[in-house]
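Colleague: Following this message is one structure expressed as structure tokens.
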Amino acid sequence: MNVSSAEKILSQAEALCQQRNVRLTPQRLEVLRLMTQHHGAISAYDLLDLLRTTEPQAKPPTIYRALDFLLEQGFVHRVESTNSYVVCHHFEEPSHTSAMLICDRCGAVAEKHADGVEKILKSLALSSGFALTNSVIEAHGLCRECVEVEACTHQDACQHDHTVNTKKRGR
């Protein structure tokens, strides 16, 4: 994520917290900042390691409390299948359904709106008497770059990074 995108996300989060009258502590803001600097989803323990560079006393509950807050506010999503977290790029729209496209090779996560699917989910929920509060769809495969790398037949004469191993799913 580029610097201006990260700054925009952080300033939007600060403004929304002010509007909602909730406290975005420096620690919560730092966790969100660290997440904006990370490519793809990141585990709580990897976040903890990053946070310890500025806050050596940080413990697992520190990260989990911050993540709980960020999840509550809709600033991040939990990627259930990989037990990791990713910044939401649409948190100005609190009631959206996201489709997470998760690359099993490099770990990149692309969040896309799932408008048509959202309508189907709402219909299914309504017909079952279910009150839908949140929905995130996860799909695994390969991102565009990894599809290209996997299709490469000239590993000795190309510019691709063939050293990346397929990521293991959390299930």
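The values are calculated or read from the model by the stated rules, or taken from the named source; none is laboratory data. Keep in mind that this is a model prediction, so the values were computed, not measured. Cβ coordinates were reconstructed from backbone atoms using ideal geometry, including for glycine residues, and neighbour counts include every protein chain displayed. Ligands, DNA and RNA are stripped out before the accessible areas are found, and what is left, the full protein with its side chains, is counted by its heavy atoms. Shrake-Rupley method; radii C 1.70, N 1.55, O 1.52, S 1.80 Å.
Colleague: What is the extension gain from Asn83 to Glu55, computed as 0.36 nm multiplied by their sequence separation minus the C-alpha to C-alpha distance, in nm to one decimal?
Modeller: Extending this stretch completely gives an extra 7.7 nm.
Colleague: Per residue of the range 79-92, what does 6.51 cos²θ - 1.76 cosθ + 1.60 with θ = phi - 60° give for ³J(HN,Hα)? Whole Hz please, x for Gly and Pro, Karplus curve as stated.
Modeller: Ordered by residue, 3J(HN,Hα) equals 8, 4, 5, 10, 6, 9, 9, 9, 5, 7, 9, 10, 6, 6 Hz.
Colleague: If you count, for each residue, the other Cβ atoms within 10 Å and average over each peptide, how do 40-52, 137-149 line up from highest to lowest?
Modeller: The most tightly packed comes first, giving 40-52, 137-149.
Colleague: Please give the contour-minus-distance gain from Gln19 to Ala110: 0.36 nm per residue of separation, less the Cα-Cα distance, rounded to one decimal in nm.
Modeller: 30.0 nm
Colleague: At a 1.4 Å probe radius, carbon and sulfur cover how many percent of the accessible area of the range 33-168?
Modeller: Carbon and sulfur together cover 53 percent of it.
Colleague: Next question. Only helical DSSP H runs with n ≥ 4 go in: add -39500 (n - 2.57) per run for the chain, normalise by residue count and round the 222 nm mean residue ellipticity to 500 deg cm²/dmol.
Modeller: Theoretical 222 nm ellipticity from helices: -13000 deg cm²/dmol.
Colleague: Suppose a student asked you for the relative contact order of the range 1-87, using Cα pairs under 8 Å spaced at least 6 residues apart; what percent would you report?
Modeller: 29
Colleague: Can you tell me, using C-alpha contacts under 8 Å and at least 6 residues apart, the relative contact order of the chain as a whole percent?
Modeller: For the chain, the relative contact order is 19 percent.
Colleague: Rounded to the nearest 0.05, what FRET efficiency is calculated for Lys119 and Glu92 with R0 set to 30 Å and r the Cβ-Cβ distance?
Modeller: Taking R0 as 30 Å, the efficiency between Lys119 and Glu92 is 0.90.
Colleague: Where the centroid of each part is defined by its Cα atoms, how far is the range 92-140 from the range 1-79 in Å?
Modeller: Spelled out, the Cα-based centre of one part sits 22 Å from the other.
Colleague: Between His140 and Glu7, take the C-beta separation as r, use R0 = 25 Å, and let me know the FRET efficiency to the nearest 0.05.
Modeller: The pair His140/Glu7 has a calculated efficiency of 0.20.
Colleague: Go through (1) -0.27, -1.21; (2) -0.37, -1.06; (3) -0.37, -1.29 and flag the label whose value is the computed log10 I(q)/I(0) by the Debye sum over Cα atoms at q = 0.09, 0.19 Å⁻¹ for this structure.
Modeller: (3)
Colleague: Using Cα pairs under 8 angstrom and six or more residues apart, how large is the relative contact order of the range 65-161, in percent?
Modeller: For the range 65-161, the relative contact order is 24 percent.
Colleague: Modelled label-to-label distance, Leu29 and Leu71, 7 Å Cα→beta-carbon offset: nm?
Modeller: Calculated label separation equals 2.4 nm.
Colleague: Grab the Cα-Cα distance for Tyr45 and Ala157, subtract it from 0.36 nm times how many residues apart they are, and report the gain in nm with one decimal.
Modeller: Length gained, Tyr45 through Ala157: 36.6 nm.
Colleague: Here's another thing I want to ask about it. In square angstrom, what is the accessible area per residue of the range 1-105 with a 1.4 angstrom probe?
Modeller: 52
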